[in-house]
Ligand code: CA
């Protein structure tokens, strides 16, 4: 058993960006319950906003009310199912919302144990000892092509199909999330973000913008988002930072 107790601090920010008329990203978190979630919605009219906010609300509600003795992975799966069902059934009731969906990326912490849940192409990164590492795999057509060696990273970035995601919440009756387990070390900084951040900034640029240990977390969120806007701000941009304080 580990004797190290890990505490967490967090900050978050979302921005419409410079090109989109509205913000279809949503986020939510509870430091007390160890739950942090970012969703990036899609769909016509206001549907994307509806899908992402339903997902954040459902996911947070179930995780915050969980039985602390229950297996966290099982609860995470149930919460994803519930959010998926809530969006899907809402889209069936209203034809204007037909086809709406959302990504979901979440970090769940229990002391040093960190669980990461992912559906879609939002991302979780970890900055450890100044080095950035992506902890999730994108569920996107181009990323899957890259992983099997059919496309290079550079081709993926330019591809007209780069927006196509292969898994989303709310578009089908069932969805399977990825679940990754990690052990936090004091000093670790986890970043949850929508693709409005990860497409504008390279991993190196994200790393450089995060590497400012004396800057408060909220200011580091602002710095990241400003950098993404400066790089083009083509999409909505959301970032949550979760710092393992030790
Ligand atoms: Ca997006």
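The values are calculated or read from the model by the stated rules, or taken from the named source; none is laboratory data. These numbers come from a predicted model, not from an experiment. With ideal geometry, Cβ positions are generated from the backbone for all residues, glycine too; neighbour counts draw on all protein chains shown.
Just a few scattered comments:
- For residue 34, the criteria (1) crowded, with 24+ Cβ neighbours inside 10 Å; (2) on the phi > 0 side of the Ramachandran plot hold in every case but one, which is (1).
- All conditions in (1) at pLDDT below 95; (2) under 20 Å from residue 163 (Cα atoms) hold for residue 38, with the sole exception of (1).
- Within segment 54-76, one or more residues are within 16 Å of the ligand (Cβ to nearest atom) and either surrounded by 15 or more Cβ atoms within 10 Å (Cβ to Cβ) or part of a helix (DSSP H, G or I) (or both).
- Residue check for residue 226: more than 16 Å from the ligand (Cβ to nearest atom) and either under 29 Å from residue 5 (Cα atoms) or exposed (fewer than 15 other Cβ atoms within 10 Å of the Cβ) (or both): no
- Every residue from segment 229-246 that is away from the ligand (no atom under 16 Å from the Cβ) and either crowded, with 16+ Cβ neighbours inside 10 Å or on the phi < 0 side of the Ramachandran plot (or both): 230, 241, 242, 243, 244, 245
- Residue under evaluation residue 180, criteria (1) within 16 Å of the chain's Cα centre (by Cα); (2) within 16 Å of the ligand (Cβ to nearest atom); (3) under 30 Å from residue 91 (Cβ atoms), criterion not met: (2)
- For segment 183-192, taking the residues that are surrounded by 14 or more Cβ atoms within 10 Å (Cβ to Cβ) and more than 14 Å from the chain's Cα centre (by Cα), the one that is nearest to residue 48 (Cα to Cα) is identified as 189.
- Residues in segment 207-223 that are touching a helix residue (DSSP H, G or I) at 6+ places or on another chain (Cβ under 7 Å) and part of a helix (DSSP H, G or I) were compared, and the one that is surrounded by the fewest Cβ atoms within 10 Å (Cβ to Cβ) is 223.
- On inspection, residue 195 passes the criterion of being in contact (Cβ under 8 Å) with a residue 24 or more places away in the chain and closer than 23 Å to residue 52 by Cα.
- Residues of segment 129-144 that turn out to be surrounded by 16 or more Cβ atoms within 10 Å (Cβ to Cβ), in contact with a strand residue (DSSP E or B) (Cβ under 9 Å, 6 or more places away or on another chain) and farther than 18 Å from residue 104 by Cα, as a count: 1
- Members of segment 15-35 that are within 14 Å of the ligand (Cβ to nearest atom) and in a loop (DSSP other than H, G, I, E, B): 16, 17, 18, 19, 20, 21, 22, 23, 24
- Residue ID - nearest to residue 104 (Cα to Cα), chosen from residues in segment 145-177 that are under 17 Å from the mean Cα position of the chain (by Cα), within 16 Å of the ligand (Cβ to nearest atom) and not in a strand (DSSP E or B): 168
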